[in-house]
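Coordinate-derived values only; no laboratory data. The shown structure was predicted, so the numbers you read here are calculated from the model rather than taken from an experiment. Backbone-built Cβ (ideal geometry, glycine too); neighbour counts: all protein chains shown.
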Amino acid sequence: MSDNNPKSSGKDSHYARLRRAHRAANPPSPADDHVVIYGLHSVKAAVENPDRRPIRLLATRNAFARLDLADEIAARCPVEIVEPKAIDRLTGDGAVHQGAALETRPLKPKRIEALGDTSLVLVLDQVTDPHNVGAILRSAVAFNAGALVTTARHSPVESGVLAKAASGALEHIDHIEVRNLADAIETLSKIGFQTIGLDSEGPGILEKTVSGSKVALVLGAEGKGLRQKTRETVDNLARLDMPGAIKSLNVSNAAALSLYVACNAMAKSGDS
């Protein structure tokens, strides 16, 4: 069952006009030029992101009410009130969609020259698991990092899995995509960032290594760690000081902890 009017029957013509205007401004795109984002937090953040180009929003009546979208926000894309099975068909089996899915054009990554005014950046060296990258995005936004830098290759593309793990964070941070990570790290150094590579066997402890007012934390893939070229390019290699028998963490956990440590060290440096 589908009901294209999520609010009230008195608004039929209003929503029909909005749908026609949206279709005229956003012609159909190839199948590989869209992604499906699902889950209440992820969908709400995506629909409310003015940089998004949404195609259609599918939601159960209860989920649409929980999204609590303002009329002008909901009007940005066609809304279809459907049964959960219709969303299952769109997201695939096993997706925990919570009754909401947004079909949308993916966000366009930015070039490093477009890096905004931020004092904290995360750089990922071939971290490919979308669950990990999504969790890293969530931590990055929580600690007010301004950008996530990844390579065009050996990085996950935007997807429902990544967006769900990020729980809305995908919409609140710049994604910088580069061809060569070593060149990008050098560029960050030239514009004033202290670039620090996280390594479980690094010579320094992270909180004692952070010395600048602008920091770029560089994390490597789980298992492989930082590539040799990356290790040679960063300003410093540092480790998280962990007293237990295990000295390494899952990359998303390491990202969260290193962000916390770096933020504290930067705050203390600024107070001194």
Over the stretch 72-161, the quotient of the Cα radius of gyration and 2.2 N^0.38 Å is 1.33
Rounded to whole Hz and in sequence order, give me ³J(HN,Hα) for the stretch 126-139 from the Karplus expression 6.51 cos²θ - 1.76 cosθ + 1.60, θ = phi - 60°, writing x for Gly and Pro.
6, 7, 10, 6, x, 5, 5, 5, x, 5, 5, 4, 4, 5
Is the C-alpha gyration tensor of the chain telling us rounded, prolate or oblate? Criteria: a/c under 1.5 is rounded; beyond that, a/b larger than b/c is prolate, otherwise oblate.
prolate
Which residues make up the longest stretch of the chain clear of trypsin sites (Lys or Arg not before Pro) that lie in a DSSP loop with no more than 13 other Cβ atoms within 10 Å, not counting the sites?
1-110
If I build a Gaussian network model for the chain, linking alpha-carbon pairs within less than 10 angstrom, which residue out of D33, D125, D174 has the largest mean-square fluctuation?
D33
Where does the stretch 157-272 land on Rg(C-alpha)/(2.2 N^0.38 Å)?
1.10
With a cap of 15 neighbouring Cβ atoms within 10 Å, and only residues DSSP puts in a loop, list the GluC sites (Glu not before Pro) found in the stretch 176-272.
E201
Given H placed on each backbone N at 1.01 Å, which residues far from T195 in sequence or on other chains put an amide H within less than 5 Å of it?
A216, D235, N236
For the stretch 203-211, just list the computed ³J(HN,Hα) in residue order, Karplus coefficients 6.51, -1.76 and 1.60, θ = phi - 60°, integers in Hz, with x standing in for Gly and Pro.
x, x, 8, 3, 5, 8, 8, 4, 9
Can you give the angle from 0 to 90° between the axis of helix 251-271 and the longest principal axis of the chain, with both taken from C-alpha atoms, to the nearest 10?
70 degrees
